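Since every read-out is calculated from the coordinates, none of them should be taken as a lab result. Since this is a predicted model, take the numbers as computed values, not measurements. Neighbour counts are summed over all protein chains in view; Cβ atoms, including those assigned to glycine, are modelled from backbone coordinates with ideal geometry.
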Amino acid sequence: MFSIILHKEVLILRIIVLIKEVPDMEKVRFDSEKGVVDRKSAGTEVNPFDLNALEAAVQMKEIADASVTALCMGPPQAEKSLKEAIARGADEGILLSDAAFGGSDTWATSITLVAAIKKMGDYDYIFAGEKTVDGDTGQVGSEVASMLKIPQICFVESLEMNKEGLTAMVAVWDGIYRKTLTGKGMLTFTKAANTPRLPGIREKMKARKMEIPVWDLRFLSEYLNETDTGFKGSPTKVKKVVVPPVLHRKGKIFREINDACLREVKGALIARGITEGVKK
Amino acid sequence: MTQQNNPILIVAEHNGQSIHPITYELMGKAKELAKQQNLPLAVLALVSPTVDLQELRFRGANSIFYIRHDCFASPDESLYAQNMSNVIRDLEPEVILIGATPFGRSLAPRLAAILETGLTADCTDLKMEEGHLVQIRPAFSENILAHIQTETKPQMATVRYKEFAEAERNEKEPSEMIELQTLETVGHQAIKTERISDFIVDITEAPVVVSGGRGLKKAEDFKLLQALADALGGMLGGSRAVVEEGFISKDHQVGYSGHRVKPVLYVACGISGAPQHLAGMKEAEMIIAINSDPSAPIFQIADYGIVGDLYEVIPKLISEISR
């Protein structure tokens, strides 16, 4: 954390990348009887969208004097994800970890991240993934930006650095918009934005040796009240979890393609009103 | 405000030109909840002067609060959120519903943070229980439905498009129109926004989607699917596997990490039916699956399944359709 003071002395861009450690959602299995994710069925990884945010930050480092700090809130083992962020080009990582942060909804998560960002001091840009694959809300980026009263550009599909600042293309309403940020701000990234690089060997070695500072509630106490974070600080509460019945349709399966099958399918299309191009 | 009860408030979605149909869907569901709880239904529309608000009046709301200003011609969520928060503090709504469109999903958290209230994302159902809004949303690749309540007011949620029927049209009792003033017309000076182009591909609005998966051998084979899509008046979709292979662009991806589609007809060609894919298409009105593996899970949710080689089945299907 002391490296932050060093950053201030030289005029370089400071980028904070928000990272979350998530279960591998493509592999994770779900226990329908208990209504919970079987976390043992898959490993954890850095939220894939956050890797696009990190890649964008690391690319900026290549064209400008910039430093990249990965910030993650999670259990102590999430240190692994910060080390991965360093292996992929971040300069340092900070872990926000405290039992008091557990059970945070998006509001409580945002307020905790905001406290840490204030504690870090000045910054130019905050980058985040457009959403996480486990929570799938996409709310934390905008909530953090709103709490910090900085502008935001959500769902960035491509990014360019120029004399004015950062220019991003986004898909919103029914069009493509170009948004240019000329001061500090928050950007959230889609997967289209770039292709995240793989960790390099030298960076991996560096990451292995790096100490990851752990910031707890006490450390953030000037900016964060215990009652605002974790389960207690969360205004939204999951009251119940329902496992929906597995969807089945009483479909008709044809074991081979024959005239009867074709006629029946065509009949069904016409019955559904799909007649454009369908000759009766 | 003169109303006795605090309203359920719908945030009108538009594209700078016209009102988005999700607004009428939210009004339909909200009307039902409002009746149950004896609450008024209000709509808040921040629009540029070119947006026509007439239709909003005929969808059963008690009042339409609106602000017209050129500054709302661009999707600048911080400007929208600032102006909305001022109105909302006066209205003190019980509930605020916002469409889970890209704009709604970036506006709602911006607004919730200013209002210091909780927010639930991407709901697929809503109900009232003992005066509280129960917000129902799928989680963990749609494996569960979480029932969420908010302990702060207003209770805010974004709601998915095409979940509810539009509010019925009633010209006899038009809503009261209440014009409000813009308090801030300049958002963050640090952001400049300009429109570049219209969307090129939007498969979520297509009545028919013909999708390909791992069963396709090479990118060019999408031409075969395109021929079927053309015959049916539809658009092309793809599973994550073929998008990652580079067979088709990401705009066409259907599934958990792509688009959710709800067409009249979905044709799955060479797609096995992983839960992550089903999450994006299982609500299609009619599903036709073509796969060479009779045990493929896609057949369990298909209305019509054809076991066979897609390279043999699709041409026959095309010639039958156009015969």
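Averaged over the residues of B:77-83, the number of partner chain Cβ atoms lying within 10 Å of the residue Cβ comes to 3.
Pairs exceeding a 20 Å alpha-carbon distance, out of A:27/B:262; A:149/A:239; A:27/A:206; A:119/A:237; A:80/A:206; A:61/A:149: A:27/B:262; A:149/A:239; A:27/A:206; A:119/A:237; A:61/A:149.
Rg and Dmax of the stretch A:163-230, both derived from C-alpha coordinates alone, stand at 19.1, 48 Å.
Across B:304, B:24, B:256, mean-square fluctuation computed from a Gaussian network of chain B (C-alpha pairs under 10 Å connected) peaks at B:304. Extension gain, residue B:70 to residue B:169, is 32.8 nm, computed as 0.36 nm per intervening residue step minus the present C-alpha separation. Taking 0.36 nm per residue of separation and subtracting the Cα-Cα distance, full extension of the segment from residue B:52 to residue B:176 would add 43.1 nm. In this structure, the amide hydrogen of residue A:29, modeled 1.01 Å from its nitrogen in the peptide plane, lies closer than 5 angstrom to those of A:38, A:41, A:42, counting only residues at least 5 positions away or on a different chain.
How much of the DSSP bridge set in the stretch A:59-185 is antiparallel, in percent, rounded to the nearest 5? Intermediate results must be reported in sequence, preceding the final value.
Numbers: 12 of 18 bridges.
Within the stretch A:59-185, antiparallel bridges account for around 65 percent of the total.
A simple rule links phi to the HN-Hα coupling: the Karplus curve 6.51 cos²θ - 1.76 cosθ + 1.60 with θ = phi - 60°, which for the stretch B:21-38 gives x, 4, 4, 5, 5, 4, 5, x, 5, 5, 4, 4, 5, 5, 4, 3, 9, 6 Hz, with x for Gly and Pro.
List the GluC sites (Glu not before Pro) in the stretch B:138-174 that DSSP assigns to loop (not H, G, I, E or B) and whose Cβ has at most 15 other Cβ atoms within 10 Å. Which are they?
Working: sites: B:142, B:151, B:163, B:166, B:168, B:171; in loops: B:142, B:151, B:163, B:166, B:168, B:171.
Passing sites in the stretch B:138-174 are B:151, B:166, B:168, B:171.
Centre-to-centre separation between the Cα atoms of the stretch B:84-128 and those of the stretch A:150-189: 23 Å.
For chain B, the longest principal axis of the C-alpha atoms and the axis of helix B:222-232 are separated by about 60°. 3J(HN,Hα) couplings calculated from phi for the stretch A:223-238 with the Karplus curve 6.51 cos²θ - 1.76 cosθ + 1.60 (θ = phi - 60°) are, in sequence order, 10, 9, 8, 4, 6, 9, 10, x, 4, 4, x, 8, x, 9, 10, 7 Hz; Gly and Pro show x.
Between the C-alpha center of the stretch B:264-323 and that of the stretch B:188-242 there is a gap of 17 Å. Farthest towards the positive end of the charge dipole of the stretch B:1-111, among the residues B:75, B:109, B:43, is the Cα of B:43, using unit charges on the Cβ of Lys, Arg, Asp and Glu. Counting only alpha carbon atoms, the long axis of helix B:310-321 and the longest principal axis of chain B meet at about 70°.
Could you quote the convex hull projected area for chain A, Cα atoms only and averaged over all directions, in nm²? Over all viewing directions, chain A projects a mean Cα-hull area of 21.0 nm².
Cross-link partners of residue B:172 among lysines, defined as those whose alpha carbon lies under 29 angstrom from its own and excluding same-chain residues fewer than eight positions apart: B:29, B:31, B:35, B:127, B:162. Amide H contacts under 5 Å for residue B:259: B:253, B:254, restricted to partners 5 or more places along the chain or on a different chain, H placed in the peptide plane at 1.01 Å from N. For the residues A:123, A:223, A:177, a GNM of chain A with alpha-carbon springs under 10 Å puts the largest fluctuation on A:177.
Roughly speaking, what % of Cα-Cα pairs in the stretch B:203-321 are separated by over 21 Å, rounded to a whole number? Spell out each step's value before the answer.
Numbers: 1716 of 7021 pairs.
Every Cα pair in the stretch B:203-321 considered, those over 21 Å come to 24 percent.
Tell me which aspartates and glutamates have Cα within less than 18 Å of residue A:266's Cα, excluding those fewer than 8 residues away on the same chain? The qualifying aspartates and glutamates are A:256, A:276, B:230, B:285, B:303, B:312, B:320.
What number, rounded to the nearest 500 deg cm²/dmol, is the helix-based mean residue ellipticity at 222 nm of chain A, given -39500 (n - 2.57) per DSSP H run of at least four residues and division by all its residues?
Working: 7 runs with 78 residues, N = 280.
Per the formula, -8500 deg cm²/dmol.
Summarising the amide proton neighbourhood of residue B:237: residues at separation of 5 or more, or on other chains, whose placed amide H is nearer than 5 Å comprise B:210, B:211, B:212.
Distance between the 7 Å Cα→Cβ label points at residue B:217 and residue B:311: 0.3 nm. Karplus-based coupling profile of the stretch A:66-80, in residue order and whole Hz: 9, 10, 10, 10, 8, 10, 9, 10, x, x, x, 5, 5, 3, 4, with θ = phi - 60° in 6.51 cos²θ - 1.76 cosθ + 1.60 and x standing for Gly or Pro.
222 nm [θ] for chain B, helices only, -39500 (n - 2.57) per DSSP H run of 4+, per residue, to 500? Could you put the intermediate results ahead of the total?
Values: 7 runs with 81 residues, N = 323.
The helix contribution divided over chain B gives -7500 deg cm²/dmol.
The convex hull defined by the C-alpha atoms of the protein assembly as shown has an orientation-averaged projected area of 28.4 nm². Values of log10 I(q)/I(0) for the stretch B:8-179 across q = 0.15, 0.17, 0.20 Å⁻¹ run -0.78, -1.02, -1.45, by the Debye formula with one identical scatterer at each alpha carbon and no solvent.
In the stretch A:172-230, which GluC sites (Glu not before Pro) are in a loop and have at most 12 other Cβ atoms within 10 Å, using DSSP for the loop call? When the GluC sites (Glu not before Pro) of the stretch A:172-230 are filtered for loop state and at most 12 Cβ neighbours within 10 Å, A:211, A:222 remain. Computed over chain A with a Gaussian network model linking Cα atoms closer than 10 Å, the most mobile of A:212, A:176, A:270 is A:270. A simple spin-label model places pseudo-atoms 7 Å from Cα toward Cβ; at residue B:116 and residue A:271 they are separated by 5.9 nm.
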